[in-house]
1. Just for strands (runs of 3 or more DSSP E) wholly inside region 72-116: which have at least 1 residues that are of a type in the set (K, R) and within 23 Å of S34 (Cβ to Cβ)?
2. Condition first: part of a helix (DSSP H, G or I) and either without any contact (Cβ under 8 Å) to a residue 40 or more places away in the chain or in contact with an Asp or Glu (Cβ under 9 Å, 6 or more places away or on another chain) (or both). Now tell me which residues in region 253-267 satisfy that.
3. Could you tell me whether region 93-100 includes any residue that is over 18 Å from the mean Cα position of the chain (by Cα) and not aromatic (F, W, Y)?
4. Return the residue satisfying two criteria in turn: it lies in region 176-212 and is over 24 Å from D230 (Cα atoms) and of a type in the set (K, R), and of such residues it is surrounded by the most Cβ atoms within 10 Å (Cβ to Cβ).
5. Within the bounds of region 49-67, is there any residue that is acidic (D, E), within 18 Å of the chain's Cα centre (by Cα), modelled with pLDDT of 95 or more and outside any helix (DSSP H, G or I)?
6. Taking the stated definitions as given, is V223 modelled with pLDDT of 95 or more and part of a helix (DSSP H, G or I)?
7. Which condition number does I204 fail, the rest of (1) assigned to a helix (DSSP H, G or I); (2) touching a residue at least 12 places away in the same chain (Cβ under 8 Å); (3) of a type in the set (V, I, T); (4) more than 22 Å from D64 (Cα to Cα) being met?
8. Quick one: in region 152-192, of everything that is free of Cβ contacts under 8 Å to residues at least 40 places away in the same chain and assigned to a loop (DSSP other than H, G, I, E, B), which residue is farthest from E129 (Cα to Cα)?
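The values are calculated or read from the model by the stated rules, or taken from the named source; none is laboratory data. Note that the structure is predicted; figures quoted are calculated from it, not measured. Counting neighbours? That spans all protein chains shown, and the Cβs are built from the backbone with ideal geometry, glycine included.
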Amino acid sequence: MENREMEELHGELLDVTRAVVEACEKNHIRYYMSYGSCLGAIRHQDIIPWDDDVDFIIDYRDYDKLKQAFQDSKDYFYQDLVTDPEHFTSWPKLRKNNTTSMDVNCQAMDIHWGICVDLFPILPYDKPEADKITKLKLLSLQILARFPYYKKLGSSFQHKIWTLLYRIMGQKGRTKLFFRILDSIVCPDGEYLLDLDGSENCLIMHRDVYGEGCQASLHGMPVKVPTKWDEYLRRLYGDNYMEIPPEGSPLRYSHSSSIIDCHKNYTEYKGTDKVSVG
């Protein structure tokens with residue numbers, strides 16, 4: 001992706017980020033910038049120059065409030081398993097209308113493909129590491145979330161089994177079971193927080209690492225990061241996280257298979273092969 005295109009994308013991502021931050025502050029929803037977005041806020045005071053997404057972590061109990069905040073929005077779409085039935089990740093996203101950020105390998109999925117930020121849930125948990133049962137539940141959540149993907153794009157025998165199960169359960173059954181499993185992982189008085197990132201090898205940290213959050217900056221926008229952000233970033237990226245990776249490093253990761261357009265609605269790209277690579 002050329003520098004001008006990346007600057008335009010960052011502008012749109014900052015716009016969606018601002019909408020989430022304002023909604024969280026207005027509705028008393030605790031949030032933190034996470035993963036590379038936390039690193040960007042600390043190391044660059046901005047989105048990492050080569051990064052093409054923004055990540056939040058949100059207390060899962062506050063999702064209903066966040067969803068309601070965007071229920072009547074003309075500019076943004078809150079995307080989860082309920083609002084967008086073919087949505088196939090286990091965490092919600094906030095997408096901007098009349099833009100495009102479409103995975104070229106998943107164009108067949110009939111979902112909202114606007115430019116988005118990820119809203120990863122954190123759940124109260126009682127152990128520093130996930131036990132076998134929790135890992136199985138997390139894997140189940142991942143499979144349930146991807147049921148629509150298996151139905152349209154799955155090719156293996158196992159995918160066909162999941163597709164058959166999806167047809168038996170239906171969309172309502174899938175959604176009901178998903179949230180029942182999610183709730184079963186929660187330990188309300190747990191000392192830890194489990195970050196549901198879509199894998200069974202999830203990030204679990206003590207509550208104190210997140211705390212009330214502290215202020216950082218993303219392109220001049222005040223945002224919150226975990227209170228013990230140094231401990232958080234060292235856990236994710238190692239002791240040298242403040243060092244800028246050299247050109248060509250695998251640490252300069254971006255989603256290179258995405259169609260990106262800040263000016264056109266994603267519906268204009270359905271069934272096309274036009275790709276802007278990062």
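1. Here the list reads 93-96.
2. Here is the first cut: in region 253-267, the residues part of a helix (DSSP H, G or I) are 266-267.
Within region 253-267, just T267 meets the criteria.
3. The answer is yes; a qualifying residue exists.
4. Once the filter is applied, the top-ranked residue is K176.
5. Scanning region 49-67 turns up at least one residue that is acidic (D, E), within 18 Å of the chain's Cα centre (by Cα), modelled with pLDDT of 95 or more and outside any helix (DSSP H, G or I).
6. So V223 does not fit the description; no.
7. With (1) assigned to a helix (DSSP H, G or I); (2) touching a residue at least 12 places away in the same chain (Cβ under 8 Å); (3) of a type in the set (V, I, T); (4) more than 22 Å from D64 (Cα to Cα) applied to I204, the lone miss is (1).
8. Filtering first and then ranking leaves S155.
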